[in-house]
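Encoded as structure tokens, the structure appears first; notes follow it.
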Amino acid sequence: MSGGACGSCGSGPVAYARRYSGQRLCAPCFMESIERKAARAISKYGMIGRGDLVCVAVSGGKDSLALLRVLDRMSRDGGRFRIRAATIDEGIPGYRDEALGIVEEYCGRLGVGHDVCSYEELFGTTLEGALEARGGRRVSACAICGTLRRRAIDKAAAGMGADCTATAHNLDDMLQTFLINMMSGDTERIGRADPAAPGAGGARRIKPFCEIYEAEVVYYAFAAGIPFQAEPCPHAGEGVRTELRQFLNRLEESHAGAKNGMYRSAVRIAGAVRESGAGGVAEVAACPRCGSPCSDRRMCAACRTVLELRGPHPNADIATPRNGGR
């Protein structure tokens with residue numbers, strides 16, 4: 001985008017225009033604004049404490065690598081907290097290997113420690129193996145992967161002694177999840193929609209990009225020259241999330257700022273659900289199989305998924321991240 005001068009510094013050429021606010025910013029000012037937005041969200045929700053070790057979940061995509069860069073810059077500015085990256089290897093042939101190489105190289109460039117934790121090590125199966133185990137039964141790869149990924153990230157965080165786990169969920173992701181839970185009538189999950197929620201193993205789950213549009217995270221990655229995996233996951237687009245993403249983008253195109261308004265409403269609704277006790281505040285017990293916190297006394301979702309797929313596996317409740325001591 002060109003034409004005119006940056007509305008912030010008054011000198012740089014306009015590189016990005018925010019339709020919902022009317023701001024027209026040059027690339028450096030735009031990047032600074034994203035970092036300020038993330039910092040405000042961290043402060044607003046009390047995401048990171050002084051001296052905390054933050055486990056940054058990095059997949060190799062633009063969002064997570066952008067988050068790693070933002071948190072690395074914050075951690076060096078005053079040194080209030082430390083970061084270490086963790087990548088989950090789902091075992092998807094021809095896809096994950098490229099991402100692992102990109103993350104390893106970028107972490108080396110930043111001087112950030114990096115661990116890899118695989119489904120095979122934790123659960124005794126890869127995502128592809130899990131899908132094969134389901135045979136001809138109709139199943140969403142994203143549903144299985146999401147359950148196992150959350151547990152794997154928690155285990156990676158516990159393995160490094162992290163105080164919190166940062167994921168790159170942006171405003172669009174948060175809205176999509178809220179609408180999915182609304183569609184399924186899952187009030188408990190609606191109540192758990194918190195940008196800084198308790199996680200398994202004691203590490204908080206935080207989302208510093210929760211108030212930033214996906215499109216803005218994408219432009220930040222490009223402007224910062226971040227290398228990232230452009231090839232989408234082969235299972236992407238299988239669920240309703242893709243349809244909701246397209247719907248929300250069309251709505252924003254016609255009504256600038258619609259996503260911001262919907263997100264504020266979603267946050268208030270989630271808070272009201274928590275306060276009412278209608279969901280998200282169920283009594284938390286330890287899973288009898290792995291010991292992780294869960295609201296179902298019988299078994300947590302990850303263990304239930306593993307048992308349904310492959311049967312009991314001796315390492316299903318043990319994390320063994322590669323390079324864990326590096």
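The values are calculated or read from the model by the stated rules, or taken from the named source; none is laboratory data. In this text the structure is predicted, and so the values were computed from the model without any measurement. Methodologically, a virtual Cβ is constructed for each residue, glycine included, from the backbone with ideal geometry; neighbour enumeration extends over all protein chains shown. These area figures cover heavy atoms from the full protein model, side chains too; ligands, DNA and RNA do not enter into them. Shrake-Rupley method; radii C 1.70, N 1.55, O 1.52, S 1.80 Å.
Assuming R0 = 51 Å, what is the FRET efficiency of residue 120 and residue 40, from their Cβ-Cβ distance, to the nearest 0.05? Don't skip to the answer; put the middle values down first.
Numbers: r = 39 Å, r/R0 = 0.77.
Efficiency at R0 = 51 Å is approximately 0.85.
Per-residue accessible area for residue 228 at 1.4 Å probe radius, Å² rounded to 10?
About 50 Å², rounded to the nearest 10.
Given the range 42-91, what whole percent of its Cα pairs are spread farther than 15 Å?
Numbers: 592 of 1225 pairs.
For the range 42-91, the share of Cα pairs beyond 15 Å comes to 48 percent.
Given a Förster distance of 51 Å, report the FRET efficiency between residue 299 and residue 19 from their Cβ-Cβ distance, rounded to the nearest 0.05. Can you show the working numbers first?
Working: r = 47 Å, r/R0 = 0.92.
According to the calculation, E is roughly 0.60.
Can you list the lysines whose alpha carbon sits under 26 Å from that of residue 155, skipping same-chain ones fewer than 8 residues off?
In chain and number order, the partners are 62, 207.
Test of understanding: what is the full-extension gain from residue 32 to residue 243, defined as 0.36 nm times their sequence separation minus their Cα-Cα distance?
On the way: separation 211, 0.36 × 211 = 75.96 nm, distance 3.15 nm.
Between residue 32 and residue 243, full extension yields 72.8 nm more.
Largest first, what is the accessible-area ranking of 72, 97 with a 1.4 Å probe?
On the way: 72 10, 97 115 Å².
Of 72, 97, the descending order of accessible area is 97, 72.
Report, in debye and to the nearest 20, how large the dipole of the range 49-135 comes out about its Cα centre when Lys and Arg carry +1 and Asp and Glu carry -1 on their Cβ. Before the final figure, lay out each step's value.
Working: 11 positive and 15 negative charges, 144 e Å.
Here the range 49-135 has a charge dipole of around 700 debye.
Let me cross-check residue 183: its accessible surface, 1.4 Å probe, with only protein heavy atoms counted, in Å² to the nearest 10?
It works out to around 130 Å².
Modelling each spin label as a point 7 Å along the Cα-to-Cβ direction, I'd like the residue 98/residue 215 distance in nm, to one decimal.
Distance between label points: 2.6 nm.
Go through the range 265-274 residue by residue and turn each phi into a ³J(HN,Hα) via Karplus (6.51, -1.76, 1.60, θ = phi - 60°); whole Hz please, and just put x for glycine and proline.
Running phi through 6.51 cos²θ - 1.76 cosθ + 1.60 with θ = phi - 60° gives 5, 4, 5, 5, 5, 4, x, 5, 5, 4 Hz.
Using a 1.4 Å probe, how large is the accessible area of residue 83, given in Å² and rounded to the nearest 10?
30
Do you know the relative contact order of the range 15-129, to the nearest whole percent, from alpha carbon pairs under 8 angstrom that are 6+ apart?
21
Label-point separation (nm) for residue 73 and residue 50, each offset 7 Å from Cα along Cα-to-Cβ?
2.4
Could you list which residues have their amide H under 5 Å from that of residue 115, counting only those 5 or more apart in sequence or on another chain, with H placed in the peptide plane?
Under 5 Å from the amide H of residue 115: 85, 86, 87.
Show the residues, 5+ positions off or on another chain, whose built amide H is closer than 5 Å to the amide H of residue 166.
The answer is 55, 56, 57, 206.
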